[in-house]
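Written below as C-alpha cells is the structure these notes are about.
The values are calculated or read from the model by the stated rules, or taken from the named source; none is laboratory data. What you see is a predicted model, and the numbers here were worked out from it, not measured in a lab. Note that each Cβ is placed from the backbone with ideal geometry, even for glycine, and that neighbours are counted across all protein chains shown. Please note that ligands, DNA and RNA were not included when accessible areas were found on the heavy atoms of the full protein model with its side chains. Shrake-Rupley method; radii C 1.70, N 1.55, O 1.52, S 1.80 Å.
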Amino acid sequence: MKIKLPFLKAFIIALIITIGFLIYVFMNPELNSGYAGLFFLSISPAVLIGIIVYCYIIKVLDHAGLLAPHFIFRFLVPFLMISFIIWIGVNTGTEPVLEAFQQYNFSEYINYFFNFAIEIYLPLAVSLAAITGMLHIGNNEVANNDSM
Amino acid sequence: MNIYQKNCLVILSLILGFVLSIAYGYSFRNFIDQPSFSAKDLEYKMITEGIKTERYSISKLFKNDYSVNLSRPYYFPQHKVIVFNGYRDKSEQSFYKIDSQGNLVDSITFSQDYSTIIFGDYILQNKAYSSWIIDGDTTKKNYIEVNAGTNWSEDKVENEFDRLKRSAEDVFYFKYESLWDYDDPRNESKIDKAVFLINGIWYALYGKNLYVDLNDLPDHTLPNLMPNDSSFDQPNSIAYVADFQKTNRVKENEWNGLAYINLLYKTDTIKIKAKLTQNEKPINNLGKYAAYNMGYFKPDGLPYAFIVQDDNYYIIKMKKQL
C-alpha cells in the first residue's frame, strides 16, 4: 500500500535516526577525537532535515509508481543508487579512495574496497533500512483505519 | 514491464556498475606501465647489501651500530685522518678516528659537555682540551691559566690579550653564559675565557668582554657532494639518477620507487640502487628526486670516500691494483 507521510511521522523518524547517528559517532573512538565530535554535532541539524527530505522523496517516488511497494525495493533501490554515486564521487579526482597505480594484487585490491564498504556503506545501509522500516509502520495503521 | 521488474533491473544494473568500476580500476588504473627493470636490478645493487668488485668495495663503515647521530666527517689532511663526532646517548659524546686506509682505529668518549667543539686540530671544552686528534692522547689536558684569580684590571687583561694573540697560532673563546653556573658571581660579572694555542699548548685568559672574531673558523668538515637540485636528474661528473622504477604513486606526478644512481668515484662508475621519491613536475630549481637523506664525502688525498644513506655511513675503498 502507498506510504502515508504526515509531517510528524517524518520528523520522529528523522529524530530517531539523528540521535542514533550521534550515539554512533560518540561511541566510536576514531570519530569523536578532538574537534571531530563538535563537527558531527554541528551537522546534526542538517542530518535531521536531510532525513525528513529523504522520507518525502521516497513518498513521492512511491506515489509516482517508480518504486515498487515492498520493503526490499524501497530500501535497496535508493541505497544502491546513493552508494554508487558516493563510490563514483570518492574515486574521481586527484586523491581517490582506492588509490591508483599502487600495483596491488587482486586480494589486496578487493580488500580495500570491502574496508571502505564496511566503514561507509554499512552504517548507511543500517540507517536507510531503519528509515524504510519506520516508514512502513504508519501505513498499516492507516490501512486498518481506512478499512474500518 | 511491471514495476517490480523495472526495479529489479535498476538494482542489477547498479550492482553491475560497482563490479565494472572495480574491474576497470584493477585492470587499467592499478598497474604501472613501465619497461622491465630486471637487467638493471642485477647491475645496480642496494648499498645496504655491500658491493664488491675487483676495483673497489663498499661496506658499512661502523660494523656495530655507532651510526646513530653522526656528524659530517672532519678531515685533517696533515695527519691523514678523518674524525667523526657522534652521540650514542645523551650523556656522552664520542669521537671516532679513521686512518689513511679507511679503518676505524681509535675512539674517545667524553661525558656530555655542550661546549665541546673541534677547533683546528684540537678538541676544546671550556674546562679542558684534548690533543687526541693529533697524537691519540686520551687524557684531557688543562689550560694553562694565565690569570687564575680573576682580579686583574681591565687594562692588564687587554695588554695580556694582545700579547698572547700575537704569539698564538690559533685563538678561540668561550662566552660567560656557557662558562659559569647560573649563580656564580663570575657569570654576573660577565667574565669570558679566551684560549690561545702557543707551541702546542693552550693558554687561557679570563676577562670581561673578550672578543675573538670567529667568522673565519678553520673548518675541517667535508662538504656533501651529493647534488640536491635538478643537476641530480641529468648526467654530471659526481652522481646522478640514470633511471627510476616506479613502485607506487603517492599523489599526482609523485611516485615512490627505486632510483638507479651512477656515482662517479675516481675512474669508476659505481652503480647503486636506492629508494627515492620522484616528482615528475618539480617547481623552480628543485630536482625530480628528493635525496636529502643521501650524502657523499670525498677527502682529497685519501684512497676512500663515504656515502651516507639514512644516517648510515658506508665507505668506498679502492682495492690495491696488483
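Find all pairs meeting these conditions: Cβ atoms under 7 angstrom apart; at least six residues apart or on different chains; first residue within segment B:1-29 and under 28 Å from A:H70 (Cβ atoms); second residue open to solvent by 40 Å² or more (accessible area, probe 1.4 Å).
B:I11/A:L76; B:L14/A:M81; B:L14/A:F84; B:G17/A:F84; B:F18/A:F84
Report yes if B:Y292 is among the aromatic types (F, W, Y), surrounded by 20 or more Cβ atoms within 10 Å (Cβ to Cβ) and either in contact (Cβ under 8 Å) with a residue 60 or more places away in the chain or touching a Gly at 6+ places or on another chain (Cβ under 9 Å) (or both), otherwise no. Break it down into steps so the answer makes sense when it comes.
On the way: among the aromatic types (F, W, Y): yes; surrounded by 20 or more Cβ atoms within 10 Å (Cβ to Cβ): no; either in contact (Cβ under 8 Å) with a residue 60 or more places away in the chain or touching a Gly at 6+ places or on another chain (Cβ under 9 Å) (or both): yes.
In short, no.
For segment B:183-262, list the strands (runs of 3 or more DSSP E) that sit wholly inside it and hold at least 2 residues that are among the basic types (K, R) and either in contact with a helix residue (DSSP H, G or I) (Cβ under 7 Å, 6 or more places away or on another chain) or within 14 Å of another protein chain (Cβ to nearest Cβ) (or both); which are they?
Values: elements: B:191-198, B:201-208, B:239-251.
Because the criterion is at least 2 residues that are among the basic types (K, R) and either in contact with a helix residue (DSSP H, G or I) (Cβ under 7 Å, 6 or more places away or on another chain) or within 14 Å of another protein chain (Cβ to nearest Cβ) (or both), the strands (runs of 3 or more DSSP E) in segment B:183-262 that meet it are B:239-251.
Could you identify the single residue in B:D106, B:D113, B:D99, B:D135 that is free of Cβ contacts under 8 Å to residues at least 60 places away in the same chain and open to solvent by 70 Å² or more (accessible area, probe 1.4 Å)? Full working, then the answer.
Values: B:D106 fails: open to solvent by 70 Å² or more (accessible area, probe 1.4 Å); B:D113 fails: open to solvent by 70 Å² or more (accessible area, probe 1.4 Å); B:D99 fails: open to solvent by 70 Å² or more (accessible area, probe 1.4 Å).
Step by step, each of B:D106, B:D113, B:D99, B:D135 is checked, and only B:D135 is free of Cβ contacts under 8 Å to residues at least 60 places away in the same chain and open to solvent by 70 Å² or more (accessible area, probe 1.4 Å).
Please verify whether A:E108 is part of a helix (DSSP H, G or I), more than 10 Å from chain B (Cβ to nearest Cβ), surrounded by fewer than 15 Cβ atoms within 10 Å (Cβ to Cβ) and of a type in the set (D, E, K, R), treating the condition exactly as stated.
Working: part of a helix (DSSP H, G or I): yes; more than 10 Å from chain B (Cβ to nearest Cβ): no; surrounded by fewer than 15 Cβ atoms within 10 Å (Cβ to Cβ): yes; of a type in the set (D, E, K, R): yes.
No, not satisfied.
Give all pairs with beta carbons closer than 8 Å in which a residue from segment B:228-241 that is among the β-branched types (V, I, T) meets a residue that is open to solvent by 50 Å² or more (accessible area, probe 1.4 Å); count only pairs at least 6 apart in sequence or on separate chains.
Filtered contacts from segment B:228-241: B:I238/B:L225; B:I238/B:L264; B:V241/B:K288.
Scan segment B:2-14 residue by residue and report those that are more than 7 Å from chain A (Cβ to nearest Cβ) and part of a helix (DSSP H, G or I). Outline the logic, then answer.
At the first step, the residues of segment B:2-14 found to be more than 7 Å from chain A (Cβ to nearest Cβ) are B:2, B:5-6, B:8-9, B:12-13.
Those that are more than 7 Å from chain A (Cβ to nearest Cβ) and part of a helix (DSSP H, G or I): B:Q5, B:K6, B:C8, B:L9, B:L12, B:S13.
Got a number for residues in segment A:51-79 being assigned to a loop (DSSP other than H, G, I, E, B) and either more than 16 Å from B:Q5 (Cα to Cα) or more than 9 Å from every other protein chain (Cβ to nearest Cβ) (or both)?
The qualifying residues number 1.
Looking at segment B:21-51 only, could you name the residues that are open to solvent by 90 Å² or more (accessible area, probe 1.4 Å), within 11 Å of chain A (Cβ to nearest Cβ) and assigned to a helix (DSSP H, G or I)?
Passing the criteria: B:Y24, B:F28.
When B:F172 is evaluated against the numbered criteria (1) in contact with an Asp or Glu (Cβ under 8 Å, 6 or more places away or on another chain); (2) surrounded by 15 or more Cβ atoms within 10 Å (Cβ to Cβ), which criterion, by number, is the only one it fails?
(1)
Between B:F84, B:F161, which is in a helix (DSSP H, G or I) and buried (at least 16 other Cβ atoms within 10 Å of the Cβ)?
Numbers: B:F84 fails: in a helix (DSSP H, G or I).
So the residue among B:F84, B:F161 that is in a helix (DSSP H, G or I) and buried (at least 16 other Cβ atoms within 10 Å of the Cβ) is B:F161.
Looking at A:I49, A:I58, which is the one that is out of contact with any Pro (no Cβ under 9 Å at 6 or more places or on another chain) and closer than 18 Å to A:A130 by Cα? Spell out the reasoning first.
Numbers: A:I58 fails: out of contact with any Pro (no Cβ under 9 Å at 6 or more places or on another chain).
Among A:I49, A:I58, only A:I49 is out of contact with any Pro (no Cβ under 9 Å at 6 or more places or on another chain) and closer than 18 Å to A:A130 by Cα.
Please tell me if B:V157 is of a type in the set (V, I, T), farther than 26 Å from B:L214 by Cβ and out of contact with any helix residue (DSSP H, G or I) (no Cβ under 8 Å at 6 or more places or on another chain).
Details: of a type in the set (V, I, T): yes; farther than 26 Å from B:L214 by Cβ: no; out of contact with any helix residue (DSSP H, G or I) (no Cβ under 8 Å at 6 or more places or on another chain): yes.
Considered against the rule, which asks whether it is of a type in the set (V, I, T), farther than 26 Å from B:L214 by Cβ and out of contact with any helix residue (DSSP H, G or I) (no Cβ under 8 Å at 6 or more places or on another chain), B:V157 comes out as no.
For segment B:59-80, check the following and say yes or no: at least one residue is without any contact (Cβ under 8 Å) to a residue 12 or more places away in the chain, open to solvent by less than 80 Å² (accessible area, probe 1.4 Å), over 30 Å from A:V90 (Cβ atoms) and outside any loop (DSSP other than H, G, I, E, B).
Within segment B:59-80 (the criterion being without any contact (Cβ under 8 Å) to a residue 12 or more places away in the chain, open to solvent by less than 80 Å² (accessible area, probe 1.4 Å), over 30 Å from A:V90 (Cβ atoms) and outside any loop (DSSP other than H, G, I, E, B)), the answer is no, since none of the residues qualifies.
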